[in-house]
Amino acid sequence: MFLDANNIPYEPKYLDLLKGGHKTEEYKKISPPQIVPAIKQGDFKLFESVAILQYLAEKYSVPDHWYPKDLQKRARINEYLHWHHMNTRWKGGLLVMLKFVFLPHFMKVEVSAEDQKAAIEALKGTLDSFEKNFLKDNKFIGGDEITIADLMAIGELIAVDCLGIYVGKGRPKVEAWHNRCKEALGSHYDEAHKTLYQVGATLKASLSAPIDF
């Protein structure tokens, strides 16, 4: 979304993770730990999504609001980005997807109802903290304009939408923030999440019962 929103040229390369597309020797030369995403510009290679966004925001002449040069504004963005990894990413979308989809359906590992419930509670706790400590009464995480922090958050929190879990349910601040992100990104938001919503019906059908959220 960041690249498209800022008209930065790129050539996408798609990997089938379920078939080990990220485990090839060719990809290992770009991302030694074989994780996604990663970028390659000439001989320069970089992995980790936050590092990539920070690099791109610095390298290209993008509007300042994405990653402000003002030290304190940037510190607020970095504050969220450091919190993001073990909270929004792990306890937000990933843990729920892991317990309800990846483990039981792709890896054929049995997951107890208690473990699934714990994943939902972790998501709720993360949303509580996200609202209280980062969103507050702001329009976006860093203030009045969208930043790379919002891009990171939206990518994780909206992933569970495909399971019928909407993180804005009963949370007016989160719902308003989500809508503002969609408005700020326009068609780039729709394009980035097109596949997510396409597979949503299939994933929902694979559940033994609707998820109580």
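Remarks
- Local net charge near Glu145, Cβ-Cβ under 14 Å (Lys/Arg +1, Asp/Glu -1): +1
- Rounded to the nearest 20, the Cβ-based charge dipole of the chain about its Cα centre (Lys and Arg +1, Asp and Glu -1) stands at 240 debye.
- In the context of the full set of protein chains, the stretch 57-174 has a per residue accessible area of 51 Å² (1.4 Å probe).
- Percent of Cα-Cα distances greater than 18 Å, calculated over the stretch 56-125: 55
- Counted charge near Gly93, where neighbours are those whose Cβ lies closer than 14 Å (Asp, Glu -1; Lys, Arg +1): +2
- Of all the options Leu94, Leu18, Leu127, the one that moves most in a Gaussian network model of the chain with Cα springs shorter than 10 angstrom is Leu18.
- Expressed as a whole percent, the accessible area of the stretch 1-110 that falls on carbon and sulfur atoms is 56 (1.4 Å probe).
- Positive-end residue of Asn87, Leu71, Ala184, charge dipole of the stretch 69-213 with Cβ unit charges: Leu71
- Cβ-based net charge around Asp212, under 12 Å, with every Lys or Arg adding one and every Asp or Glu removing one: +2
- Over the chain, dividing the summed -39,500 (n - 2.57) contributions of all DSSP H runs of at least 4 residues by the number of residues returns a 222 nm mean residue ellipticity of -13500 deg cm²/dmol.
- Taking the chain and dividing mean pair separation by its residue count, relative contact order in percent (alpha carbons under 8 Å, at least six apart): 19
- Cα gyration tensor category, rounded, prolate or oblate, for the stretch 120-208 with a/c compared to 1.5: oblate
- Relative to one another, the C-alpha centroids of the stretch 170-186 and the stretch 72-102 are positioned 17 Å apart.
- Working ranking of peptides 114-126, 138-150 by packing, defined as the average number of other Cβ atoms within 10 Å per residue, highest first, is 138-150, 114-126.
- Added length on full extension, which subtracts the Cα-Cα distance from 0.36 nm per residue, Leu71 to Trp90: 4.1 nm
- Normalised by the number of residues in the stretch 118-213, the mean separation of alpha-carbon contacts (under 8 Å, six or more apart) gives a relative contact order of 27 percent.
- For the stretch 41-145, the number of Lys pairs with C-alpha atoms closer than 20 Å, counting only pairs eight or more positions apart or on separate chains, is 18.
- Protection proxy ranking, highest mean first, for peptides 194-206, 60-72: 60-72, 194-206, where packing is the per-residue count of other beta-carbon atoms within 10 Å, averaged.
- Put simply, the amide H of Phe140, placed in the peptide plane, has neighbours under 5 Å in Glu145, leaving out anything fewer than 5 places away on its chain.
- For the stretch 1-56, diffusion coefficient by Stokes-Einstein and Kirkwood Rh (Cα), 25 °C, 0.890 mPa s, µm²/s: 203
- Each of [x] 35; [y] 32; [z] 48 is a candidate for percent of Cα pairs over 27 Å apart; the one calculated from this structure is [x].
The values are calculated or read from the model by the stated rules, or taken from the named source; none is laboratory data. Computed from a prediction, not measured in an experiment: that's the story for all the values here. Every residue, glycine as well, gets a Cβ built from its backbone with ideal geometry; the counts of neighbours run over all protein chains shown. Side chains included, ligands, DNA and RNA excluded: accessible areas come from the protein's heavy atoms. Shrake-Rupley method; radii C 1.70, N 1.55, O 1.52, S 1.80 Å.
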